[in-house]
Amino acid sequence: MTTAVVVGGGVVGAMCAWSLAKEGLSVTVVDRDGFGSSCSHGNSGLIAPSQVPPLNQPGAFQSAVMSLVRRGAPVSVSARSLVRSASWFWNFQKQCNETDMMASAVGRAALLSSSMSLYEDMISQGQLDCEWLQQGLLIVHETEEEADAFSALNEVMSREFGLGADRLSPTEMVNLEPALKGGFGGGWFHPGDAHVRPDRLMNSMKQLLIGHGVEIIEGAPVEKFRGKDSHALAAIGSQGEWEADVFVIATGATTPFLNNELGTRIPIVPGKGYSITMGVPEAAPRIPLIFEESHVAVTPMKTGYRIGSTMEFAGYSETIKPGRLQLLRDSAHKYLRNPFGEPVEEEWFGWRPMTYDGKPIIDRSPRFENVWIAAGHNMLGMSMAPGTGEHLADLIQGRRPAIDPSHFALSRFA
């Protein structure tokens, strides 16, 4: 039987392991911390095929630079991070144009659509217990001018991908979601999106994998490979080594730590996101919300309530900054009638794996022919994970994937 080791126990690694286990491989998942404990734990839980446009939109780089001098900006870039990741930011600013944005959108749309179909299959088959709700996603704009500005991009998303949103007036928006305060400019409603409680999803995935014979090893960071010529024989860490026929690196924002072992320079930088999880407030929102100008999301879940997002480029800092959490609270208070619940269960941060073109890497390592990389899903790991697993399984098994592999190839960064 062919054996596989998946390095990384986040949602992408979990879905890669699931796809390989369905192919009949004997799979082991090895995670440096605990399965599902990193960025897959405290994110906003959106399963959002609507989120096709990447971060590298026209004007995005200028907005990031302005954050250097603007306190409280939703996207924060430290001067030290700008210097240390100068090459990444240089390439990002070159990608901030309509042509490159649309090229990224094509690959993102295909992976998002594939993943949504796979999630729906898993939910219908009773394989996931994750508080799945498919109630859409409402994007709220502070002013009418800002809401109107999305019209042109929405027309492109509708024409090119069939993912147009419904424009709502301020009154229509509050009628759809009465938890919102009035007085804002309007919004856009994406009816096809869903949401989950991420920790429940990861717990459910863990049980699903174990039930299909997947071994899960926690607290075991992988630091290097033992190989012969162009073939990896084992993944090695301080807790041991794991031999296999195939290896998958699904280590998210920490993937560049393995650059030397993989034989390439992975163009990923960590974009820190924050969240606060609390009890469900009275008259809580029914529909997940994104407050576009503050880059804050509110996710109502069956057993909890989460305010999250923003973006902080500050390297691999593990500090939870009270000011970033306050931005979440301030935004929720600004837009919602009853923004907070009790008790506060968790204040959290996670490193999002950001590529400068907004697409993940799903490709073979240049150094080892049997080591594959599945990383760099930006802010959409939860939304893209099942499709990533299926795409990777096709590549490993020598089949032609349904999605053009060049969208996610390492060669695009050459």
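The values are calculated or read from the model by the stated rules, or taken from the named source; none is laboratory data. All figures in this text were calculated on a predicted structure; none of them were measured in a lab. Cβ coordinates were reconstructed from backbone atoms using ideal geometry, including for glycine residues, and neighbour counts include every protein chain displayed. Please note that ligands, DNA and RNA were not included when accessible areas were found on the heavy atoms of the full protein model with its side chains. Shrake-Rupley method; radii C 1.70, N 1.55, O 1.52, S 1.80 Å.
Residue 237 meets all of the listed conditions (1) over 30 Å from residue 1 (Cα atoms); (2) open to solvent by less than 30 Å² (accessible area, probe 1.4 Å) but one, namely (1). The set of residues in the stretch 163-197 that are assigned to a loop (DSSP other than H, G, I, E, B), modelled with pLDDT of 95 or more and of a type outside the set (D, E, K, R) comprises 165, 169, 178, 179, 184, 185, 191, 192, 196. Looking only at the stretch 182-237, residues that are acidic (Asp, Glu), touching a residue at least 24 places away in the same chain (Cβ under 8 Å) and on the phi > 0 side of the Ramachandran plot come to 0 in all.
Considering the stretch 1-59, the residues that are surrounded by fewer than 24 Cβ atoms within 10 Å (Cβ to Cβ) and of a type in the set (Val, Ile, Thr) include one that is nearest to residue 274 (Cα to Cα), namely 28.
Scanning the stretch 395-414 for residues that are in a loop (DSSP other than H, G, I, E, B) and not charged (D, E, K, R), which turns out most open to solvent (accessible area, probe 1.4 Å)? So, considering only residues that are in a loop (DSSP other than H, G, I, E, B) and not charged (D, E, K, R), the one most open to solvent (accessible area, probe 1.4 Å) is 414.
Among the residues making up the stretch 241-268, a single one is open to solvent by 30 Å² or more (accessible area, probe 1.4 Å) and small (Gly, Ala, Ser): 263. Among the candidates 226, 265, 200, which residue alone is over 30 Å from residue 141 (Cβ atoms), among the basic types (Lys, Arg) and part of a helix (DSSP H, G or I)? Among 226, 265, 200, only 200 is over 30 Å from residue 141 (Cβ atoms), among the basic types (Lys, Arg) and part of a helix (DSSP H, G or I). For the stretch 113-127, the candidate set comprises residues that are open to solvent by 20 Å² or more (accessible area, probe 1.4 Å) and aliphatic (A, V, I, L, M); within that set, the residue that is nearest to residue 49 (Cα to Cα) is 118.
Looking only at the stretch 134-157, count how many residues are hydrophobic (A, V, I, L, M, F, W, C) and either open to solvent by 40 Å² or more (accessible area, probe 1.4 Å) or part of a helix (DSSP H, G or I) (or both).
Residues in the stretch 134-157 being hydrophobic (A, V, I, L, M, F, W, C) and either open to solvent by 40 Å² or more (accessible area, probe 1.4 Å) or part of a helix (DSSP H, G or I) (or both): 7 in total.
Just one of (1) open to solvent by 20 Å² or more (accessible area, probe 1.4 Å); (2) assigned to a helix (DSSP H, G or I); (3) over 30 Å from residue 174 (Cβ atoms); (4) touching a strand residue (DSSP E or B) at 6+ places or on another chain (Cβ under 7 Å) fails for residue 392. It is (1). Considering the stretch 314-372, the residues that are charged (D, E, K, R) and surrounded by 23 or more Cβ atoms within 10 Å (Cβ to Cβ) include one that is nearest to residue 40 (Cα to Cα), namely 352. The residues listed here are 193, 166; of these, the one that is among the charged types (D, E, K, R), surrounded by 14 or more Cβ atoms within 10 Å (Cβ to Cβ) and over 23 Å from residue 43 (Cα atoms) is 166. Among the residues of the stretch 235-251, those that are small (Gly, Ala, Ser) and over 11 Å from residue 27 (Cα atoms) comprise 235, 237, 238, 240, 250. List every residue pair whose Cβ atoms sit under 7 Å apart, with the two residues 6 or more apart in sequence or on different chains, where the first one lies in the stretch 107-134 and is among the charged types (D, E, K, R) and the second, anywhere, is outside any loop (DSSP other than H, G, I, E, B) and crowded, with 18+ Cβ neighbours inside 10 Å. Matching pairs, first to second residue: 129/200; 129/204; 131/200; 131/301. Taking residues in the stretch 80-95 that are in a helix (DSSP H, G or I), and partners anywhere that are modelled with pLDDT of 95 or more and loosely packed, with under 14 Cβ neighbours inside 10 Å, the pairs with Cβ atoms closer than 9 Å and at least 6 places apart or on different chains are 87/265.
From the list 318, 282, 293, the one residue that fits, being under 16 Å from residue 334 (Cα atoms), of a type in the set (D, E, K, R) and out of contact with any helix residue (DSSP H, G or I) (no Cβ under 6 Å at 6 or more places or on another chain), is 293. Can we say residue 42 is under 22 Å from residue 298 (Cβ atoms) and modelled with pLDDT under 95? No, not satisfied. The condition (being touching a residue at least 40 places away in the same chain (Cβ under 8 Å) and within 18 Å of the chain's Cα centre (by Cα)) is satisfied by just one residue among 244, 250, 283: 250.
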